[in-house]
Amino acid sequence: MLWVTDQIAIADWELTESFSRASGPGGQNVNKVSSAVELRFEAARSPALTPAVKARLKRIAGRRWTLDGAIVLRAEETRSQAQNRELARERLAEMIREALVAPKRRVATKPTAGSRERRLKAKSVRGAVKAARGKVEDGDAS
């Protein structure tokens, strides 16, 4: 059981962990011990999350979201399998916590009278500059 918040917990059946050999430092140990952790969370089928949270989670997860609606996280920072497991679980919990926060609705506002005036004045000044760029008439040159 992975507790995300006091109210939300992810059941064990929703999480799958697989272990493999990690890249990076570790000396001879790196060739013998499967310390890298790949955590798979069945997000689309999770009863603990609402559809709105799932949609936000999908956007947050990006390419870590698979076609069948799972999130795959890989942790291989440390040489310890237990620490990598904790890292992957904490990353998943943090991602879900981020998805729980609904974004603020944008309140449409009107531009102020002063800003409208300044914009129109700038436009007319620019128009005058461009109008002055016309062809030069050849006057009485003799």
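The values are calculated or read from the model by the stated rules, or taken from the named source; none is laboratory data. This is a predicted model, so every value here is computed, not measured. All Cβ positions, glycine included, derive from the backbone under ideal geometry; neighbour counts span all protein chains shown.
Return the only residue of Lys110, Lys104 being under 30 Å from Ala43 (Cα atoms) and part of a loop (DSSP other than H, G, I, E, B). If you could, list the steps in order and put the result at the bottom.
Numbers: Lys110 fails: under 30 Å from Ala43 (Cα atoms).
Just one listed residue meets the conditions, Lys104.
Of the residues examined, Ala88 is one that is at pLDDT 90 or above and within 11 Å of Leu39 (Cα to Cα).
Using the structure shown, decide if Lys54 is charged (D, E, K, R) and at pLDDT 85 or above. Quick ask: steps written out before the conclusion?
Working: charged (D, E, K, R): yes; at pLDDT 85 or above: yes.
Taking the combined requirement at face value, the residue satisfies it.
Of all the criteria given as (1) of a type in the set (Gly, Ala, Ser); (2) closer than 30 Å to Lys54 by Cα; (3) out of contact with any strand residue (DSSP E or B) (no Cβ under 9 Å at 6 or more places or on another chain), the one not satisfied by Gly114 is (2).
The residue that is farthest from Gln7 (Cα to Cα), among those in the range 20-53 that are of a type in the set (Lys, Arg) and surrounded by fewer than 16 Cβ atoms within 10 Å (Cβ to Cβ), is Lys32. So which of Arg105, Arg133, Arg119, Arg89 is in contact (Cβ under 8 Å) with a residue 12 or more places away in the chain and either exposed (fewer than 10 other Cβ atoms within 10 Å of the Cβ) or of a type outside the set (A, V, I, L, M) (or both)? Sole residue among the options that is in contact (Cβ under 8 Å) with a residue 12 or more places away in the chain and either exposed (fewer than 10 other Cβ atoms within 10 Å of the Cβ) or of a type outside the set (A, V, I, L, M) (or both): Arg89.
The residue that is farthest from Asp12 (Cα to Cα), counting only those in the range 55-86 that are in contact with a Gly (Cβ under 9 Å, 6 or more places away or on another chain) and in contact (Cβ under 8 Å) with a residue 12 or more places away in the chain, is Arg79.
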